[in-house]
Every structure is written in C-alpha cells, then in structure tokens.
Amino acid sequence: MSYSYQIKSYEQYKKDYQQSIDDPASFWSNIAEYFTWRKKWDEVSTWNFKEPKIEWFKGAKLNITENCIDRHLKTMGDKPAIIWEPNNPEERVRTVTYNRLHKRVCQFAQVLKNNGVKKGDRVCIYMGMVPELAYAVLGCARIGAIHSVIFGGFSAQSIADRLYDANAEFIITCDGAYRGDKVIPLKNVIDDALIGNRTVKKVIVYTRTRTPVSMLKGRDIWWEDEMEFAEHQIEKDGIVNFPAEEMDAEDPLFILYTSGSTGKPKGVVHSSAGYMVWTNYTFINVFQYQPGQIHFCTADIGWITGHSYIVYGPLSAGATSVMFEGVPTWPDAGRFWDIIDKHKINILYTAPTAIRSLMGFGTKPLEGKDLSSLKVLGTVGEPINEEAWHWYDENIGKKKCPIVDTWWQTETGGILISNLAGITPAKASWATLPLPGVQPLLVDDKGNEITEKEDGLLKGNLCIKAAWPSILRTTYGDHERCRTNYFATYENLYFTGDGALKDDNGFYRITGRVDDVLNVSGHRIGTAEVENAINMHAGVVESAVVGYPHDIKGQGIYAFVIDSNTHGDDELTRKDILQTVSRIIGPIAKPDKIQFVKGLPKTRSGKIMRRILRKIAEGETQNLGDTTTLLDPGIVEEIKNGKI
C-alpha cells in the first residue's frame, strides 16, 4: 500500500498547503478518492461559523469500519492490526490481525444488534485498555450506534452526568481494569453511576480482572456469553459476514466529553466522513508513516488521542497500532523502553508529562534497551518544554529521530499544527506549521488580527478562520453551547481557547490556555468543575481554583479555599476535600495544593479576581496589578503570606 497524498518534501508541503487554501474542493476531493464510499459526495464542503453549520463530503454514504478493516482484508488480512501489551509484562501479548479484528468487530456488532442497539443509539463505553475496547468502539461504528468512551479514571458521578447528557441506553464495561499495581473496580463504579438511572437498558461486562461483581438479572450480561452466541450468527462455512450500516457523511460517529470553562462537561460530536479523512491524512503525513511500520501511541482510548491515533487514523491507513494497558513507570521506569525493544516500535507518540516523569529516573532504565528501531518521536496533549524536548531527542531518539510536536484538541478531531517528521523543519518546543487546510490567526481580545510584534514575535489568541474536515459539528443536545463556546467570541472564527506566538518563519508556539481551563498532564479540566466539586464539601464556604507551573504535569491545580472548619485540623480537611473531588469528578482533578484563606480577592460586584490568585500561585508576589478596586485589598497580603 502506498499513500499518494503523503507529502515528501518541504517544497511539496508549501505547494499542497497553498492548493488547500486556494482550491480546497479539488484538494480534498483528490484525497477522499483513496477511501471506500458507498456513494460519492455531491459537494466537498459547505460551512459557516455563524450558526455554526459545517458539512464535508455532503451527500456521501460510507461506513468508517469498511475503511478501517474490510478494505485491508484481501491484501493485509494476516498483518497485525493491533498489538496489545498487557499491564503485567509476564502476561501474554495479544496480536490481533486484520482478519481477526474483522471477525471480532462483526461479532460484537451482532451482540449489540441482539441486545436492541440501533443506528443513532448512544452507547457508553467504560473499559480498561484491552483489545475488546477497540472491538466495542468499532462494533458501535459498524452498526451506526454513537459511541461515547469515558476514561476509566472518572468517578460514578461524572459517568452519571455523561449518561444523562447523552441519554445513553447501553453501557459496555469490564469487571475491573489493571493500572500499574492497582485494580480499578470498573463495574462497581458503573453500578454506583446507575443508582436512580432510568434510561440504561443493558450493561455488557467483559471479564478482565476477575473482580467480584454484582450482575442484575435482565440488565447485566457477560461479554463472553454474548460473543459466543453471536459467533454462530455471523459465520457461515468459515466466512464472516456482518454488513456494515450505511452512514451519511455527516452522521455522528461519536461523542467525547471535554471540560469547558463552566462546570458542566460538554459532549463534542464528530461526524463520520470528515473525521475519517482527517485522522488518516494527518496520521500518514505528520508521522510519515510507511507501510509495515509499528506505531505506538501511549494514550488511553478514553481521550481523543486514543480515538484518532490508536484506532481510526492508524487502522484506516492499514497500520499496526500498539495498545498498552499499563503505566510507563510500572513495574519500573523502563517499561516504555522494554516495549519499544520487544516490538521493534518505529513511531512513539506520547505526552510531555510522561517524558518529564521518565526524565526524573535518569538514563539508568534505558540501559540494555535497544531503541534503534525508532524512526519518529511525537508529543501530544500540552506544549513541551525545551529541556524535555532535548532529553527526548538525545536519549530516546539518539538525535536520529525527528520529533513531531503536535497541537490539536478534542474539538479539532486530529492534529492541526505540527512539523511533518523529517520533511518540514522542527524547532524545540514549537508546534511549527499548520497542516494543509488549516488557517490559523492570532487576534487580540477584540478580535483584531495581531500585526505588531513583541520581542520579535506576534503574540495573541489562537483562532482558525476556515473549517477543516474533522472540526466538531456540535455539542450533543445543545448546539447553542457549541456556538457560544467556540464561534461567538470572535466573529467568523473558531476560537481555540489557547494563546500562541508566531515567528518570522510562520512557526507557531502554543503558550497555554487563556480561558478558565487547566491543562493537567495533557488533560483539560475546567476550573469551575473543580470549584463546584470542592464547594460540595460540607465545611467549604467558597473556593477559587487556578493553574500553576508543575515540573511533571505541566500545570498543577492550586485551590484557595474558605473553610468554616473550627476544629483547626487543616490536614484532615485537605484530605476530606481531595476525597470529595475524587468522588465527584475523579482522581485526575484532585488539587495539588490547597491553601485555606479567610477571603478571596473580589471586585465590588463580587467577581473573584483569578488573575491575582494565578500570579500568587505562580510565585509572583510583586506585580499583582491594581488591587485598589477590590472590595478588601488587605486580603491579598494575607493570601500572599499564607502561600504554600
């Protein structure tokens, strides 16, 4: 298999980029010809950012699983599609060929059908990182059900909120999941989430950890029993067949919940055709994927990175994708390097948080590990600092592997700004250039394009001025929220919520969030969401949450809390608050620092001045700006003196 639209030189990048701007219809039409369609499109794209209404490959009919699986079977049926590396290195690795993947996905699609799942139904998936998670995702897509994967670290309350918002009637889960030396009791969490739920009809449970679970008659069913029954239905004379549902190009493929600047998570909706084309195009071009290479994305499928660059992007390209159940530091800090050595990995795509964490163990865990198979390194989820970039380059890539520093979001579906491995220039800690079809713009707070440089660079709020194929289509059940969150801040622009710098070469460097959203270990967490959870603790009067620089996570969570605690045991109260946040959102949102304060810096109208709190959390105590307009300016001194 060769990829006719793979960019082979910097000159070709410039030419392709220009064509994608000047004549997007013919540019994307040529690329889309590579895919399997039931019916071709009537129009490549129509969009406006005012409503917003966005359509790509309008009128086309397809099923994404035929592009990820069926079309590879004749030539690559025996080639590995997924290599599964279990949490415990002593456990057997599972290699799933494209033929086996086809059979399992068809089988599970039949299981869904047998249990009443139909096209358009929402199916919640809450599983560990096992191959069955990929079967579940693709099985939903095969019958046209809309999957909504929830990361295994979220709490019962977070799941309940998402089930309610999506009006989901079906859940797929595991008895438990392994994560390092821990066993996460997933089914028990689902049971807690379902207390009071009246919409869920079936819960399908896969056996992984043999954790004792409660199974309700009529609602809860075992994955293994259902799969065994379905096997006889889909296979006849050794031939597997479960016809894929025909989908419209704009039919929803999945919902993925992400934090915003308000307390309620929003369900980002991605379409079928545009998302497919974009994840495939970016996978092949950013990583310069060559047929036969082994791609290892270390993300969890519960996040967008796992959707796009473990499942849909690699499989649609006929690649071999490695799925890892565990964590990079268990049973020791050499786990990633063992996996690379064992499977002869060619592409490693991981997060700056993981790199910084592994840096802390030095180079000893690398001893005796053969990393010579590596051709391309990548980072994702947050801006990478220069020190981590150079460590990655020198110790993992041995200065022979280009590093792609990819910037994108849940809402964008796939990579928007990145160097192309070995093709376009790299610059430490800079995402560099936009992909063809992506038109970035830096604007000031009023929406005017930035033209004046500061210290030789343009600096502003990062927006995109034209639609690309995998841009979100809506937020589930609330289109107005989609409009106000992304398209109403600046007229006719998609606002990313990030700030950025731009140099004379047109390279971009992302500087971080400019709204009330934190980027912790590459995961977006809304400050309002954390504050709401803290405020639910019985002793808390009020709280304010900000981000601060964290050596490992990039950003840490700093909470300023007014507490009615009179017994004086601050440490116990801190633990209680952390427990509350874990219970309501999940351990991922626990504050790193909790400072008890007598009051918060507020304007006379009652607005909390988070700008001041952010500076204090960052260690800046001198230039706090004008505090005379505050209701009680003296409170700032108290907070400064009590800083943790």
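Some notes on this structure:
- Between region 295-330 and region 34-61, the alpha-carbon center distance in angstrom: 27
- Sum of side-chain charges, Ile644 neighbourhood, beta-carbon under 13 Å (Lys, Arg +1; Asp, Glu -1): 0
- Each residue of region 214-231 was assigned a 3J(HN,Hα) from its phi angle through the Karplus expression (A = 6.51, B = -1.76, C = 1.60, θ = phi - 60°), giving 8, 10, 7, 4, x, 10, 9, 9, 8, 3, 4, 5, 5, 5, 5, 5, 5, 4 Hz with x at Gly and Pro.
- The Kirkwood hydrodynamic radius of region 338-457, based on inverse pair distances between different Cα atoms, is 15.9 Å.
- Centre-to-centre, using Cα atoms only, region 507-542 and region 426-454 are separated by 24 Å.
- Å³ per residue enclosed by the Cα convex hull of region 517-641: 108
- Difference of contour (0.36 nm per residue) and Cα-Cα distance, Lys593 to Arg219: 130.5 nm
- Positive minus negative residues near Ser543 (Lys, Arg vs Asp, Glu; Cβ under 11 Å): -3
- FRET efficiency for Asn197 and Asp444, using Cβ-Cβ distance with R0 set to 51 Å, rounded to 0.05: 0.65
- Length-normalised contact order for the chain - Cα pairs under 8 Å, 6+ apart - percent: 12
- Volume of the Cα convex hull of the chain, divided per residue and given in Å³: 162
- Cross-link partners of Lys427 among aspartates and glutamates (Cα-Cα below 12 Å; sequence separation of 8 or more within a chain): Glu386, Asp393, Asp405, Asp503
- Two-decimal Rg to Rh for region 292-363 - Kirkwood Rh, Cα set: 0.97
- Cross-link reach list, lysines versus Lys187, counting only Cα pairs under 30 Å and skipping chain neighbours closer than eight places: Lys103, Lys113, Lys118, Lys119, Lys201, Lys202, Lys217, Lys264, Lys266, Lys553, Lys575, Lys590
- Looking at the chain alone, DSSP beta bridges between its own residues are antiparallel in about 60 percent of cases.
- Partners for Lys344 among lysines (Cα-Cα distance below 22 Å; same-chain residues under 8 apart left out): Lys79, Lys364, Lys369, Lys375, Lys398, Lys399, Lys400
- Using the Cβ of Leu457 as centre and a radius below 11 Å, the other residues enclosed give a net charge of -1, where K and R count +1 and D and E count -1.
A short reminder: the numbers here are calculations on the coordinates, not readings from a lab. Just so we're clear, the structure is a prediction, and the values are computed from it rather than from any experiment. Virtual Cβ from ideal backbone geometry, glycine too; neighbours counted across all protein chains shown.
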